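Engineer: Before we start, here is the structure in question, set down as structure tokens.
The values are calculated or read from the model by the stated rules, or taken from the named source; none is laboratory data. Quick caveat, the model's predicted, so the values are computed rather than measured. Every residue, glycine as well, gets a Cβ built from its backbone with ideal geometry; the counts of neighbours run over all protein chains shown.
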2 protein chains.
Amino acid sequence: MLHGHQTWVFANRPTIISSSVVGGPFEAQGPLADDFDILHGDLWLGQDSYEKAERKLLEEACENAIEKAGLKKEDIQFFLSGDLMNQIVSSSFAARTLALPYLGLFGACSTSMESLALGALLIESKAAEKVICGAVSHNAAAEKQFRYPNEYGAQKPDTAQWTVTAAGVGLLSSHGEGPKVTSATIGRVVDMGMTDPFNMGAAMAPAAVDTITAHLRDLRISAREYDLIATGDLGKVGHKIAADLFAKHDIDIPREIFTDCGLLIYSGEQPVFSGGSGCGCSAAVTYGHILNRMKRGELKKILIVATGALLSPLSYQQKESIPCIAHAVSIEYHR
Amino acid sequence: MLHGHQTWVFANRPTIISSSVVGGPFEAQGPLADDFDILHGDLWLGQDSYEKAERKLLEEACENAIEKAGLKKEDIQFFLSGDLMNQIVSSSFAARTLALPYLGLFGACSTSMESLALGALLIESKAAEKVICGAVSHNAAAEKQFRYPNEYGAQKPDTAQWTVTAAGVGLLSSHGEGPKVTSATIGRVVDMGMTDPFNMGAAMAPAAVDTITAHLRDLRISAREYDLIATGDLGKVGHKIAADLFAKHDIDIPREIFTDCGLLIYSGEQPVFSGGSGCGCSAAVTYGHILNRMKRGELKKILIVATGALLSPLSYQQKESIPCIAHAVSIEYHR
């Protein structure tokens, strides 16, 4: 299964038989609104804290994905998930509700593809027949934990990103119809010494480039194999840096296939600074919009490269730079 | 590979070709001091924060395990680790130092066996030839984050536990000599409505019982198959509750083989309340003391059941109960 240094090839082709994305009010105003299964009109989801609302997003996405597949919870063996909250409480409390054997993961915003990569490995190796993989983030819960209370009205620079309020999950199966997970490249931590938490895109871009380069090298393929290569949430600033780094290193990534989930999820009219972020960003865009495009036959072979900034508020306060990582998963669908 | 609902059987028997445990001054005074590879005389390890000291414990354990195996970093494909710090910064920053493809995990104190279970799965499925799995905790870093600053002198009840300052890692290989990882049972979240973070042992005991019961059921074996069944860190209080629960449900777990890492690591003279805890507790006791006993031929077949309390300070403040989980890994060594 291991190809080269860090890439798994899934010969049994684990299938995403169902997926679900649940979003908040700000996502409902974006260009991908139609790709959400459930959209909420406020950030609270009927809960009494943003953290509980975040958990609810994930629970709804899981329940919806299981229902869409015509399955019951008991048909699923494992739940793999993570989020940005301290001690990933959104995922762990959702795992309590789901009552499934649970593997908690943390890779910041790369968690979406970390969970899909590991979920596919479980299916591929017959360690499971069906798993649910997901990730979630909530704008207000993240702002509260990582930055300033919204009520302070603290200003942000244009390089900042807007944490997406969304959960995205995929239900993987060893059998069935749907997009196939064909390979995964697990990233190394890359740290270029950036220290500005309001410019995560720039910090994460080299990690995305490192993982995409490793993926192409390990599989001995060209980027032109793919109809779409989407990074997780580099935003405008990070996307440009990644494109420049590829050009500098003479790696051919055609501009027309190279995009970023943080650029896709909101419109230019929405005040999101450099773009969307949060583990719900790449999860929602992938499991909603991009899989829908595959199902319509517009894309046959894609690579999602979820990027994560592995800092904590404390590591920042202790003047550490920002270690970053990216995990890539390829998906194919030939109908 | 999947047996029953939630247990993986590793037919290829991934081998722990090397392991390493690094501890602090309090562990140096305990009965297992001789089982540590490196012991530090103070909690700082020459760093300027406890968090950096925690990372250093993990880095040293990884480097030592690689050196003991006569390998170089480049021979290892993946690093799987987690810890208790927000955004698992100890593991992520150690992953930066190691420069290996990295899978960040979070299962609170169950992380030690979550990483070993997934690491063994990677080897078993040929997704890797060599991986390092580990976990770390640091008493002062954990107190600072989860409880009160030590300087407050806050009193604790007898049901509280003492977070272990230690890292424990195992180097797994598809070939070679050493203890074999034979199976793993991934736990479900169990929440009995306990809300007291100073009595985690009681909260976690039902999760340990649930996972052990699932393990025996999935493999259709009796607990007497094992020479030792060690829970992660239930401490005195939780260990007694677990034993009582087994008795109540008529599950035969012979008293003489049933122990707890949180009971083993400190002596009765040390003021640790109910016992040790933290993901470094089960990691250090397993990768040090217990593997050493296997190597001496005293134990042939063991089951380690690492338990985790998946709360956060915020979930506690929001009056949530404590969801708990336990992951079990069996190890055999017939020399």
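Engineer: Considering B:Lys180, B:Lys130, B:Lys126, which residue is charged (D, E, K, R) and closer than 22 Å to B:Ile302 by Cβ?
Structural biologist: B:Lys180
Engineer: Is it the case, given these coordinates, that A:Lys295 is away from every other protein chain (no Cβ under 14 Å), out of contact with any strand residue (DSSP E or B) (no Cβ under 6 Å at 6 or more places or on another chain) and free of Cβ contacts under 8 Å to residues at least 60 places away in the same chain?
Structural biologist: no
Engineer: To continue, here is another question. Give the residues of segment B:215-240 that are hydrophobic (A, V, I, L, M, F, W, C), under 18 Å from B:Val181 (Cα atoms) and buried (at least 18 other Cβ atoms within 10 Å of the Cβ), sorted by residue number. Before the answer, list the steps.
Structural biologist: Pass one, segment B:215-240, residues hydrophobic (A, V, I, L, M, F, W, C): B:216, B:219, B:221, B:223, B:228-230, B:234, B:237.
In the following step, the residues that additionally are under 18 Å from B:Val181 (Cα atoms) were identified as B:216, B:219, B:221, B:223, B:228-230.
Selection gives B:Leu216, B:Ala223, B:Leu228, B:Ile229, B:Ala230.
Engineer: Find the residue count for segment A:109-139, including only residues that are more than 7 Å from chain B (Cβ to nearest Cβ), in contact with a Gly (Cβ under 8 Å, 6 or more places away or on another chain) and farther than 18 Å from B:Gln6 by Cβ.
Structural biologist: Number satisfying all stated conditions: 12.
Engineer: Another question, if that's okay. Just to be sure, is A:Pro197 closer than 30 Å to A:Glu269 by Cβ and either under 22 Å from the mean Cα position of the chain (by Cα) or more than 14 Å from chain B (Cβ to nearest Cβ) (or both)?
Structural biologist: Values: closer than 30 Å to A:Glu269 by Cβ: yes; either under 22 Å from the mean Cα position of the chain (by Cα) or more than 14 Å from chain B (Cβ to nearest Cβ) (or both): yes.
Judged against the criteria, A:Pro197 is a match.
Engineer: Continuing with the same structure: Mind checking which residues of segment A:29-50 are touching a Pro at 6+ places or on another chain (Cβ under 7 Å) and within 14 Å of chain B (Cβ to nearest Cβ)?
Structural biologist: Result: no residue meets the conditions.
Engineer: In segment B:305-335, which residue that is more than 8 Å from every other protein chain (Cβ to nearest Cβ), farther than 14 Å from B:Ala202 by Cα and surrounded by fewer than 24 Cβ atoms within 10 Å (Cβ to Cβ) is nearest to the chain's Cα centre (by Cα)?
Structural biologist: B:Glu332
Engineer: Which of the residues belonging to segment A:201-221 are in a helix (DSSP H, G or I) and among the charged types (D, E, K, R)? Lay out the reasoning, then the answer.
Structural biologist: From segment A:201-221, those in a helix (DSSP H, G or I) are A:201-219; that's our starting set.
A:Asp210, A:Arg217, A:Asp218, listed by residue number.
Engineer: Name, by its number, the condition in (1) within 14 Å of another protein chain (Cβ to nearest Cβ); (2) more than 19 Å from A:Leu80 (Cα to Cα); (3) of a type in the set (A, V, I, L, M) that does not hold for B:Ile186.
Structural biologist: The single condition B:Ile186 does not satisfy is (2).
Engineer: For residues that are of a type in the set (Asp, Glu) and within 14 Å of chain B (Cβ to nearest Cβ), scanning just segment A:51-101, find the one that is surrounded by the most Cβ atoms within 10 Å (Cβ to Cβ). Show your work before the answer.
Structural biologist: The initial filter retains those residues of segment A:51-101 that are of a type in the set (Asp, Glu), namely A:51, A:54, A:59-60, A:63, A:67, A:74-75, A:83.
Now drop any that are not within 14 Å of chain B (Cβ to nearest Cβ), which leaves A:51, A:54, A:59, A:74-75, A:83.
Values: A:Glu51: 25, A:Glu54: 34, A:Glu59: 22, A:Glu74: 10, A:Asp75: 13, A:Asp83: 36.
Checked segment A:51-101; the qualifying residue surrounded by the most Cβ atoms within 10 Å (Cβ to Cβ) is A:Asp83.
Engineer: Only one of these is within 19 Å of the chain's Cα centre (by Cα) and among the charged types (D, E, K, R): B:Glu143, B:Glu151, B:Glu129, B:Glu124. Name it.
Structural biologist: B:Glu143
Engineer: Also, I was wondering about something else. Quick one: which residue in A:Ala160, A:Ala205, A:Ala154, A:Ala140 is hydrophobic (A, V, I, L, M, F, W, C), over 30 Å from A:Glu74 (Cβ atoms) and without any contact (Cβ under 8 Å) to a residue 24 or more places away in the chain?
Structural biologist: Values: A:Ala160 fails: without any contact (Cβ under 8 Å) to a residue 24 or more places away in the chain; A:Ala205 fails: without any contact (Cβ under 8 Å) to a residue 24 or more places away in the chain; A:Ala140 fails: without any contact (Cβ under 8 Å) to a residue 24 or more places away in the chain.
Being hydrophobic (A, V, I, L, M, F, W, C), over 30 Å from A:Glu74 (Cβ atoms) and without any contact (Cβ under 8 Å) to a residue 24 or more places away in the chain holds for just one of A:Ala160, A:Ala205, A:Ala154, A:Ala140, which is A:Ala154.
Engineer: Looking at B:Asp218 and the list (1) more than 13 Å from chain A (Cβ to nearest Cβ); (2) modelled with pLDDT of 95 or more, which single condition is not satisfied?
Structural biologist: It is condition (1) that B:Asp218 fails.
Engineer: I would also like to ask the following. Which of (1) without any contact (Cβ under 8 Å) to a residue 60 or more places away in the chain; (2) over 19 Å from the mean Cα position of the chain (by Cα); (3) farther than 20 Å from B:Ser110 by Cα does A:Thr97 not meet, given it meets every other one?
Structural biologist: Of (1) without any contact (Cβ under 8 Å) to a residue 60 or more places away in the chain; (2) over 19 Å from the mean Cα position of the chain (by Cα); (3) farther than 20 Å from B:Ser110 by Cα, only one is false for A:Thr97: (3).
Engineer: Out of segment B:104-119, which residues are closer than 17 Å to A:Gly107 by Cβ and outside any loop (DSSP other than H, G, I, E, B)?
Structural biologist: B:Gly104, B:Leu105, B:Gly107, B:Thr111, B:Glu114, B:Ser115, B:Leu118, B:Gly119
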